[in-house]
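Novice: Take a look at this one; I'll ask things after.
The values are calculated or read from the model by the stated rules, or taken from the named source; none is laboratory data. Everything quoted here is computed from the prediction, not taken from an experiment. Cβ atoms come from the backbone with ideal geometry, glycine included; neighbour counts cover every protein chain shown.
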Amino acid sequence: MTFNIQPTLENDQALLEPLQAADYDALFAVAADPAIWAQHPQNDRWKEEVFRDFFDMAISSHGAFSIIDKATGEIAGSTRYYEYDPGKSIIHIGYTFYATKYWGTGFNKAVKKLMLDYAFQFVDNVGFHVGANNIRSQIAVTRLGAIKVAEVEMTYPGQPARPNFIYNLPKNDYLL
């Protein structure tokens, strides 16, 4: 089996489909909420011109997904696989966001389980980049079993470099 970093993944709660240009309007309707980005290093991503750049980069990554709530059929958010390195047996998961109504519901855990179960068929480690002030995401990745392994400065379009933490989740430490 070959590792496809943009498969369709599904469980009883969520459907992850490869992100398409036609998803823009529905996904921007979710992303336009400033609360989603309040802890994010690029906290103006709710603005359409900023989100457009983010969306275009997601499409060109060929690893991004629309996350669909199977109960409603609505787009709940987006996520992606990125920085696949077969030599180091690692891929990263990130660029994830959800409508606020999904926060604290277990929906993220269901999505990450889909992604991790799939990725760990092909790699031994999954990495996460998390903004230094993004406490909500730091808590979420540590609940998966990931550990902080480094601090780096990362650049975001139109902004100076911002501190980020790198987390690693070895297959053997995966908690879901």
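Novice: Of all residues in the range 1-30, which are in contact with a strand residue (DSSP E or B) (Cβ under 7 Å, 6 or more places away or on another chain) and among the polar types (S, T, N, Q)?
Specialist: Residues satisfying the conditions are 6, 8.
Novice: Among the numbered criteria (1) in contact with an Asp or Glu (Cβ under 7 Å, 6 or more places away or on another chain); (2) crowded, with 19+ Cβ neighbours inside 10 Å, which one does residue 138 miss?
Specialist: Checking residue 138 against (1) in contact with an Asp or Glu (Cβ under 7 Å, 6 or more places away or on another chain); (2) crowded, with 19+ Cβ neighbours inside 10 Å, the one that fails is (1).
Novice: Kindly indicate the residue of the range 16-26 that is touching a helix residue (DSSP H, G or I) at 6+ places or on another chain (Cβ under 7 Å) and part of a helix (DSSP H, G or I) and also surrounded by the most Cβ atoms within 10 Å (Cβ to Cβ) among those meeting that condition. Spell out how you get there, then give the answer.
Specialist: First, pick out the residues of the range 16-26 that are touching a helix residue (DSSP H, G or I) at 6+ places or on another chain (Cβ under 7 Å): 16, 19, 21, 24.
Subsequent filtering for residues that are part of a helix (DSSP H, G or I) retains 21, 24.
Values: 21: 8, 24: 16.
Filtering the range 16-26 for residues that are touching a helix residue (DSSP H, G or I) at 6+ places or on another chain (Cβ under 7 Å) and part of a helix (DSSP H, G or I), the one surrounded by the most Cβ atoms within 10 Å (Cβ to Cβ) comes out as 24.
Novice: Right, another one. Only one of these conditions is not met by residue 71: (1) without any contact (Cβ under 8 Å) to a residue 60 or more places away in the chain; (2) surrounded by 14 or more Cβ atoms within 10 Å (Cβ to Cβ); (3) not aromatic (Phe, Trp, Tyr). Which number is it?
Specialist: The single condition residue 71 does not satisfy is (2).
Novice: Somewhere in the range 158-168, is a residue in contact with a helix residue (DSSP H, G or I) (Cβ under 8 Å, 6 or more places away or on another chain), closer than 25 Å to residue 70 by Cα and at pLDDT below 95?
Specialist: Here is the first cut: in the range 158-168, the residues in contact with a helix residue (DSSP H, G or I) (Cβ under 8 Å, 6 or more places away or on another chain) are 158, 165, 167.
Still in the list and also closer than 25 Å to residue 70 by Cα: none.
No.
Novice: For residues in the range 36-50 being of a type outside the set (A, V, I, L, M) and farther than 14 Å from residue 98 by Cα, which is surrounded by the most Cβ atoms within 10 Å (Cβ to Cβ)? Before the answer, list the steps.
Specialist: Step one: of the range 36-50, the residues of a type outside the set (A, V, I, L, M) are 37, 39-49.
Subset that is farther than 14 Å from residue 98 by Cα: 41-44, 47-49.
Numbers: 41: 21, 42: 19, 43: 19, 44: 14, 47: 13, 48: 11, 49: 8.
That would be 41.
Novice: Being touching a Ser or Thr at 6+ places or on another chain (Cβ under 7 Å) and touching a residue at least 24 places away in the same chain (Cβ under 8 Å) narrows it down to one residue among 26, 35; which is it?
Specialist: Details: 26 fails: touching a Ser or Thr at 6+ places or on another chain (Cβ under 7 Å).
Exactly one of 26, 35 is touching a Ser or Thr at 6+ places or on another chain (Cβ under 7 Å) and touching a residue at least 24 places away in the same chain (Cβ under 8 Å), namely 35.
Novice: Look at residue 6 and say whether it is buried (at least 16 other Cβ atoms within 10 Å of the Cβ), in a loop (DSSP other than H, G, I, E, B) and modelled with pLDDT under 95. Before the answer, list the steps.
Specialist: Numbers: buried (at least 16 other Cβ atoms within 10 Å of the Cβ): yes; in a loop (DSSP other than H, G, I, E, B): yes; modelled with pLDDT under 95: no.
When the stated conditions are applied, residue 6 does not pass them.
Novice: Of the numbered conditions (1) crowded, with 19+ Cβ neighbours inside 10 Å; (2) of a type in the set (Val, Ile, Thr); (3) within 21 Å of residue 158 (Cα to Cα), residue 93 fails exactly one; give the number of that condition.
Specialist: (3)
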